[in-house]
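The structure appears below as structure tokens.
The values are calculated or read from the model by the stated rules, or taken from the named source; none is laboratory data. No experiment lies behind these values; they were computed from the predicted model shown. Because the Cβ atoms are built from the backbone with ideal geometry, glycine has one as well, and the counts that use them run over all protein chains shown.
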Amino acid sequence: QVQLVESGGGLVQAGGSLRLSCTASGLTFSSNAMGWFRQAPGKEREFVATTTWWGSSTYSADLMKGRFTISRDNAKNMVYLQMNSLRPEDTAVYYCAAAQGNYAPTRRDEYDYWGQGTQVTVSS
């Protein structure tokens, strides 16, 4: 049974930083691309970043503009999202997702497994 468990969310002031973590179990972690998505109230879930199993990353450049960094530790079955210079518009539930294969998917429907999400709230 595949499980993805996010942690690290919380309340932060604008301009602050947070580091989200996602722990994966029940899958061959090093064979999966890992991604982060987010969903704000009343909006569609949107792509944030993804990393291939060998660590090549793709970002939603329009949204993140260099503020976010995705990384992974295959030995620990973990993926991270470092978020800096946070803005109120970054407030959302952030989801970790896994996709089997040797590529870096950016669409929701390309992912096979999802976590339950962690809330990030940025106050102005």
Scanning the range 109-121 for residues that are assigned to a loop (DSSP other than H, G, I, E, B), within 13 Å of the chain's Cα centre (by Cα) and not polar (S, T, N, Q), the one surrounded by the most Cβ atoms within 10 Å (Cβ to Cβ) turns out to be TYR111
Would you confirm, using the coordinates I've provided, whether GLU110 is among the acidic types (Asp, Glu) and closer than 19 Å to GLY9 by Cα? no
Restricting attention to strands (runs of 3 or more DSSP E) lying wholly within the range 1-108, give those where 2 or more residues are surrounded by 14 or more Cβ atoms within 10 Å (Cβ to Cβ) and under 14 Å from the mean Cα position of the chain (by Cα). 3-7, 18-25, 32-39, 46-51, 57-59, 68-73, 78-83, 92-100
Could you list, ordered by first residue, the pairs with Cβ atoms under 6 Å in which the first is in the range 96-124 and over 19 Å from SER7 (Cβ atoms) and the second is surrounded by fewer than 15 Cβ atoms within 10 Å (Cβ to Cβ) and of a type in the set (A, V, I, L, M), at least 6 apart or interchain? SER124/ALA14
Any pair with Cβ under 9 angstrom, 6 or more apart, that starts in the range 25-39 at a residue that is under 19 Å from TYR94 (Cβ atoms) and at pLDDT 95 or above and ends at one that is of a type outside the set (D, E, K, R) and in a helix (DSSP H, G or I): ARG38/LEU63
